[in-house]
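The values are calculated or read from the model by the stated rules, or taken from the named source; none is laboratory data. Worth saying up front: this structure is predicted, and the values here are computed from it rather than measured. Glycine also receives a Cβ, built like all others from the backbone with ideal geometry; neighbour counts cover every protein chain displayed. Please note that ligands, DNA and RNA were not included when accessible areas were found on the heavy atoms of the full protein model with its side chains. Shrake-Rupley method; radii C 1.70, N 1.55, O 1.52, S 1.80 Å.
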Amino acid sequence: MNTLLAPSSRFILCLAVFVCYTDVPLWGQTRVVPGSPAETIRIEVFLRGDSDLCEGARQYAQQLGQRTRGLEVVFHDVLKDREQLKRLWTLARESGRDKPVVPAFLCCSQIHYGFTSEEENGADVENLFTADVYTRSSCPRCQSAKRFISSTLQPRWPALRFRFYEITYDTAARQRYEELCRSQGKVPGLPTLHFAGQVIIGYQGDHITGAQWASLIERAAADREPRTR
């Protein structure tokens, strides 16, 4: 014998089926779709056309863009572009400086001032689009997070670099990780992601924390201003 549902029960059942079969993220979360098309990370370089140091920075940035898939390099000559010069002054004030310095590199909500050579400053520039991930080999959630990075985040943002720290035997990394967590007023937890000046602690699965990681990267990649330090 068929059983008839009350109207309210039928509505709840339909809503449950809709959520299950459409996989629509709730409450404004970023939808995580493995195999999404690759997206670019932009790095902006502020230069003066009459400076030898700036010319060295230009050549380095051009080579960096050529060897880094998914990295878009945009140059601004502040002697020719007054709007970008004004913007550079604003960026300097927002990052706590009295005045700007060129060359300057802006990427993922962070800015680096000055350039002498790739050996001297290359690591600082590339840190702008590098995410630090603190893990422990015996942590199952850390392994899940690593799989999500390799299967979803890295293919989507090929220019983004992930630097992993195993804290079991790395005392300095463990101290940095604990300080990062406490700077958020939270108990240290694993894994911990540090990117674009933001810290996300723990991992509650791909559709929760993984979506938060993806959302953070999306915002940082789209942001054209550094976060105030």
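In this structure GLU83 has an accessible area near 120 Å², from a 1.4 Å probe over the protein heavy atoms. In segment 65-119, the inverse of the mean reciprocal separation of distinct Cα atoms equals 12.5 Å; this is its Kirkwood hydrodynamic radius. To the nearest 10, the accessible area of THR171 is 70 Å² with a 1.4 Å probe. Placing +1 on each Lys and Arg Cβ and -1 on each Asp and Glu Cβ, with no other charges, gives segment 125-224 a dipole about its Cα centre of roughly 120 debye. Overall dimensions of segment 57-161, expressed as equivalent-ellipsoid semi-axes from the Cα gyration tensor (√(5λ), whole Å, largest first), are 32, 16, 13.
Using only Cα atoms, locate the centre of segment 89-118 and the centre of segment 159-228, then give the distance between them in Å, rounded to an integer. If you average the Cα positions of each part, the centres end up 23 Å apart. Sorted largest first by accessible area at a 1.4 angstrom probe radius, with every protein chain in place, the residues HIS207, HIS194, HIS112 fall in the order HIS207, HIS194, HIS112. How large, in percent, is the carbon and sulfur part of the accessible surface of segment 100-145 at a probe radius of 1.4 Å? Here it works out to 41 percent. Subtracting the Cα-Cα distance of ASN127 and VAL101 from 0.36 nm times their residue separation leaves 7.5 nm of extension gain.
Rounded is the label for segment 120-229, because the ratio a/c of its alpha-carbon gyration tensor axes (a ≥ b ≥ c) stays below 1.5. Take every DSSP beta bridge whose two residues both sit in segment 122-229; close to 55 percent of them are antiparallel.
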